[in-house]
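Report on the following structure.
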Amino acid sequence: MAKPRKDNKGRLLHDGEMQRPDGRYAYRYINQLGQRKTVYSWRLTTSDRTPAGKKQMPALRELELQIDKDKMDGIISDDAALNEYFDRNISLRKIKDTTRNTYKEYYNRYVRDTIGRRPITDLDYSTMLAFFVDLVDNKGYSHGTAQILHGVLNPVFKMALRDNRIRSNPLSGIMSEVGGYKRERKALTADQQEKFINFVAHHDIYKKWSPIISCLFGTGCRIGEMVALRWQDVDFANGFINISIAMNYCKGKDGKYGLHISTPKTEKGIRTIPLLDDVRQILLTERQRQLDNNCSCRTIVEGYGGFIWVNGQGGILTGNNLQHALIRIVEAYNDREREQAAQEHRFAELMPNISPHILRHSFCTRLCENVDDVKLISEIMGHRDINTTLSVYYDVNEKRKKEEFKKLEGKIKIC
């Protein structure tokens with residue numbers, strides 16, 4: 001009969017337990033995959049003290065209880081790093097190549113050489129919260145960057161959870177704790193939209209941006225879809241715009257950055273959008289202007305040509321061009337508004353930051369304010385999930401209810 005093993009304090013050790021010469025305890029076991037694993041601790045039980053200068057960690061028998069619980073619950077414990085799970089997840093996800101490349105770039109820049117090397121089973125809520133808080137508060141990265149990283153990592157942890165590698169998703173609800181985030185991208189009000197359109201249309205410098213801005217306000221296209229529009233995509237006779245491609249500046253399959261053509265962001269993105277009369281007139285005017293000045297777009301991108309939106313050099317107008325222009329236009333608008341407000345002795349009503357997505361979001365909001373068919377709105381917007389449309393529709397409907405109730409003031413006897 002084997003002699004019972006004891007630690008240096010004379011306590012009996014259980015099967016799989018041992019004490020190393022340096023005093024550290026170890027527990028060896030076989031996981032659900034048949035792999036030999038070992039966990040370590042400087043303490044055997046919770047009543048033990050951690051030796052001076054050594055890392056504080058759960059007692060060995062606490063770890064054993066957790067291992068047994070994981071086995072009972074079907075949780076498969078392994079030492080695979082977050083990097084391994086990300087690489088597997090990104091290779092399996094059904095997303096566009098441009099999106100995949102963007103996710104890889106964000107992951108490689110911010111995660112791979114930091115927490116990416118750690119076992120995914122070690123990354124609990126507090127660890128991930130510390131990672132995001134450090135990113136924003138200490139390293140100075142924007143909340144937008146943190147939010148993108150959350151979108152990159154969340155599917156990885158979801159996959160590990162479904163594979164029974166972890167007990168819960170450590171990213172669940174985490175962004176609400178990061179620097180008071182969440183920042184919402186709000187649509188412009190109808191009044192703001194009208195003022196902004198008028199300002200751009202009559203500005204000596206920025207009026208050249210008026211056609212594409214108005215078309216974004218009037219179609220709800222994604223910016224990649226709008227800059228990829230060709231004259232052949234506009235059916236003036238039947239009153240439709242056909243959305244079938246998108247164009248973005250990104251890394252291509254050859255590893256080089258440039259303009260690339262793809263299908264729209266979602267399967268629902270391939271769609272037709274009815275032509276509003278104002279949009280029709282803007283496009284007809286733009287086509288005539290290009291014919292009169294012989295300035296039609298001469299650039300070919302991956303075999304596609306005849307693009308509607310052209311810059312001053314006869315090249316393609318890109319989404320980045322418009323994004324930078326919108327920043328300058330908002331600055332100019334607010335400078336003028338501050339000056340007028342000072343002259344009129346009133347508070348300035350400044351325009352918020354505007355991006356191409358805000359123009360799209362504003363169009364969706366105007367639709368929800370005037371159309372009750374949510375499915376129709378979803379189809380026009382090219383939303384993959386109707387819940388995206390419903391979230392906007394719900395906000396608009398709540399505003400409607402408040403406005404209708406204001407009309408009831410003094411008309412209902414309640415006291």
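Just checking, which of R36, R5 is at pLDDT below 90, basic (K, R), over 25 Å from F157 (Cβ atoms) and within 40 Å of the chain's Cα centre (by Cα)?
After ruling out the rest, the residue left standing is R36.
Here's a check for you: in segment 323-357, which residue that is hydrophobic (A, V, I, L, M, F, W, C), outside any helix (DSSP H, G or I) and open to solvent by 50 Å² or more (accessible area, probe 1.4 Å) is nearest to G224 (Cα to Cα)?
L350
Can you name the number of the only condition in (1) closer than 16 Å to R360 by Cα; (2) crowded, with 21+ Cβ neighbours inside 10 Å; (3) within 21 Å of the chain's Cα centre (by Cα) that K265 fails?
K265 satisfies all of (1) closer than 16 Å to R360 by Cα; (2) crowded, with 21+ Cβ neighbours inside 10 Å; (3) within 21 Å of the chain's Cα centre (by Cα) except (2).
Yes/no per residue for (1) at pLDDT 90 or above; (2) open to solvent by less than 20 Å² (accessible area, probe 1.4 Å); (3) under 26 Å from D97 (Cα atoms):
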residue: S244; (1), (2), (3): yes, no, yes
residue: N248; (1), (2), (3): no, no, yes
residue: L259; (1), (2), (3): no, no, yes
residue: L276; (1), (2), (3): yes, no, no
residue: R298; (1), (2), (3): no, no, no
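Looking at segment 197-204, is at least one residue within 23 Å of V392 (Cα to Cα), surrounded by fewer than 21 Cβ atoms within 10 Å (Cβ to Cβ) and at pLDDT 95 or above?
Yes, because at least one residue in segment 197-204 is within 23 Å of V392 (Cα to Cα), surrounded by fewer than 21 Cβ atoms within 10 Å (Cβ to Cβ) and at pLDDT 95 or above.
Restricting segment 161-193 to residues that are assigned to a helix (DSSP H, G or I) and at pLDDT below 85, which is surrounded by the fewest Cβ atoms within 10 Å (Cβ to Cβ)?
S176
Any idea which residue in segment 311-322 is modelled with the highest pLDDT, counting only those that are out of contact with any Phe, Trp or Tyr (no Cβ under 8 Å at 6 or more places or on another chain) and open to solvent by less than 20 Å² (accessible area, probe 1.4 Å)?
G315
Examine segment 60-67 for a residue that is modelled with pLDDT under 85 and over 30 Å from the mean Cα position of the chain (by Cα), and state whether such a residue exists.
Yes, some residue in segment 60-67 is modelled with pLDDT under 85 and over 30 Å from the mean Cα position of the chain (by Cα).
Do we have N138 as more than 30 Å from I261 (Cα to Cα) and either within 20 Å of the chain's Cα centre (by Cα) or open to solvent by 70 Å² or more (accessible area, probe 1.4 Å) (or both) here?
Judged against the criteria, N138 is a match.
Quick one: what pairs do we get from segment 254-271, first residue farther than 27 Å from M381 by Cα, second assigned to a strand (DSSP E or B) and of a type in the set (S, T, Y), C-beta under 8 Å, 6+ apart or different chains?
Correct list of pairs: Y257/Y249.
Name every residue in segment 205-235 that is open to solvent by less than 40 Å² (accessible area, probe 1.4 Å) and aromatic (F, W, Y), in order of residue number.
Hits for segment 205-235 are Y206, W209, F217.
Go through segment 29-50 and give me each residue that's of a type in the set (D, E, K, R) and touching a residue at least 40 places away in the same chain (Cβ under 8 Å).
K37
The values are calculated or read from the model by the stated rules, or taken from the named source; none is laboratory data. What you see is a predicted model; the values in this text were computed from it and never measured. Neighbour counts are summed over all protein chains in view; Cβ atoms, including those assigned to glycine, are modelled from backbone coordinates with ideal geometry. All accessible areas refer to the heavy atoms of the entire protein, side chains included, with ligands and DNA or RNA removed. Shrake-Rupley method; radii C 1.70, N 1.55, O 1.52, S 1.80 Å.
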